[in-house]
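Here the structure is laid out as structure tokens; the discussion comes afterwards.
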Amino acid sequence: MAFAPKLSKTILPFVCRDSAEVIARRKEIVKLRTELAKISMRDEYTKYVKCEREISKLEVSLSEAKSRDNVKRVAYEYGLHYGGLAVLGLCMMYISIFYRYSTVIVFGDNFNFEPFSGLINFPAKVPNSISVVFWIVVNNFVARTLAGYVQ
């Protein structure tokens with residue numbers, strides 16, 4: 001759960017790209033700007049002004065199209081982030097409920113975890129063991145700590 005924002009930001013560019021409308025507007029603006037660079041403002045002032053007006057209209061329509069894309073992008077971003085958290089949370093709940101009496105590791109008699117053995121092996125109650133619930137809690141803490149350092 002700790003790395004969910006990083007995963008969603010990695011996946012988002014593959015899922016949500018610029019729309020065809022935005023790409024077409026950008027190409028038109030680039031084309032008109034190259035034409036505008038070729039036109040002499042002194043010699044052909046009216047043609048120059050018309051081209052500038054077209055560019056400004058296309059920029060306005062580009063910003064509108066971008067805002068529509070941004071709404072879609074935000075929806076995908078939150079959907080990926082919270083959807084991933086929900087799936088991971090449900091998996092952890094499933095594992096915690098159905099495997100709560102299982103152990104991850106059972107150590108030999110030469111290990112003694114007293115006075116923490118009751119906490120470490122809860123609810124399995126197998127001596128010198130680490131329970132699934134404790135393992136999930138420790139891994140969650142370690143992942144959050146590492147995610148804090150990665151930022």
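Some points to look at:
- Remark on the chain: Rg and Dmax equal 29.1, 96 Å (Cα only).
- Report summary: the helix-based calculation at 222 nm, which adds -39500 (n - 2.57) for every DSSP H run with n ≥ 4 and divides by the residues of the chain, gives -25000 deg cm²/dmol.
- Against the chain, whose longest principal axis is taken from its Cα atoms, helix 4-15 shows a tilt of about 40°.
- Working from label points 7 Å from Cα in the Cα-to-Cβ sense, the LYS50 to LYS31 distance is 1.6 nm.
- Here the Karplus relation 6.51 cos²θ - 1.76 cosθ + 1.60, evaluated at θ = phi - 60°, turns the backbone of the range 20-35 into coupling constants of 5, 5, 5, 5, 5, 4, 4, 5, 5, 5, 4, 4, 5, 5, 5, 5 Hz, with x for every Gly and Pro.
- Cross-link partners of LYS66 among lysines, defined as those whose alpha carbon lies under 25 angstrom from its own and excluding same-chain residues fewer than eight positions apart: LYS6, LYS9, LYS27, LYS31, LYS50, LYS57.
- Whole-angstrom gap from the range 25-40 to the range 87-137, using each part's C-alpha centre: 67 Å
- For the range 1-107, applying the loop criterion from DSSP together with a ceiling of 13 other beta carbons within 10 Å to the GluC sites (Glu not before Pro) yields GLU44.
- Loop trypsin sites (Lys or Arg not before Pro), the range 1-33, which have at most 14 other Cβ atoms in a 10 Å radius of their Cβ (DSSP): ARG17
- Amide hydrogen neighbours beyond the local backbone of SER129, cut-off 5 Å, H modeled: PHE107
FYI, it's all coordinate maths here, none of it is from the lab. What you see is a predicted model; the values in this text were computed from it and never measured. Don't worry about glycine lacking a Cβ; one is built from the backbone with ideal geometry, like all the others, and counts go over all protein chains shown.
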